[in-house]
Amino acid sequence: MSYVGGKLKLKGKTLQANGGVEKKKRKDENKTDKEIADVDLSMQKEGQSRGSDNIKTKKLIDYRTEAEKRRDEALAARKEEGVKKLAEKSYRQRVEEYNKYLSTLSEHHDIPKVGPG
């Protein structure tokens, strides 16, 4: 059986007088929100001074393949059909229809009683 002797070293800030180890502070590499906002404002001003045509004429490039575009269109169409189908009937009508369906099922599908009572 092997073990390391000595006292347990715990993380956290301890008093330097007791011989504890002081944690080093990390430098924050990320810019603060204020700095980011300042950069955005300066970029907007530069864009306006150089010509606002560049901002308006930028087009979004669609990198999807033809198959992906057709798939997305089909999904959108199916979603639209589903919404129309749900809008045809009210909640009450759907519940009544479901209850009729359940009443036509055989007893084989019933939930069995479990336990006393």
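Between Ser42 and Arg70, how high is the FRET efficiency from 1/(1 + (r/R0)^6) when r is the Cβ-Cβ distance and R₀ = 30 Å? Nearest 0.05.
Working: r = 43 Å, r/R0 = 1.43.
Once rounded, the FRET efficiency stands at 0.10.
With each pseudo-label sitting 7 Å past Cα toward Cβ, what's the Ala87-Leu102 distance in nm, one decimal?
2.9
Could you order Ile111, Ile61 by accessible surface area, starting with the largest, using a probe radius of 1.4 Å?
Details: Ile111 155, Ile61 115 Å².
Most to least solvent-accessible, the answer reads Ile111, Ile61.
The values are calculated or read from the model by the stated rules, or taken from the named source; none is laboratory data. This one's a predicted model, so the numbers in the text were calculated from it and none came from an experiment. FYI the Cβ positions are ideal-geometry reconstructions off the backbone, even for glycines, and counts take in every protein chain you see. Surface accessibility is based on the protein's heavy atoms, side chains included, excluding ligands, DNA and RNA. Shrake-Rupley method; radii C 1.70, N 1.55, O 1.52, S 1.80 Å.
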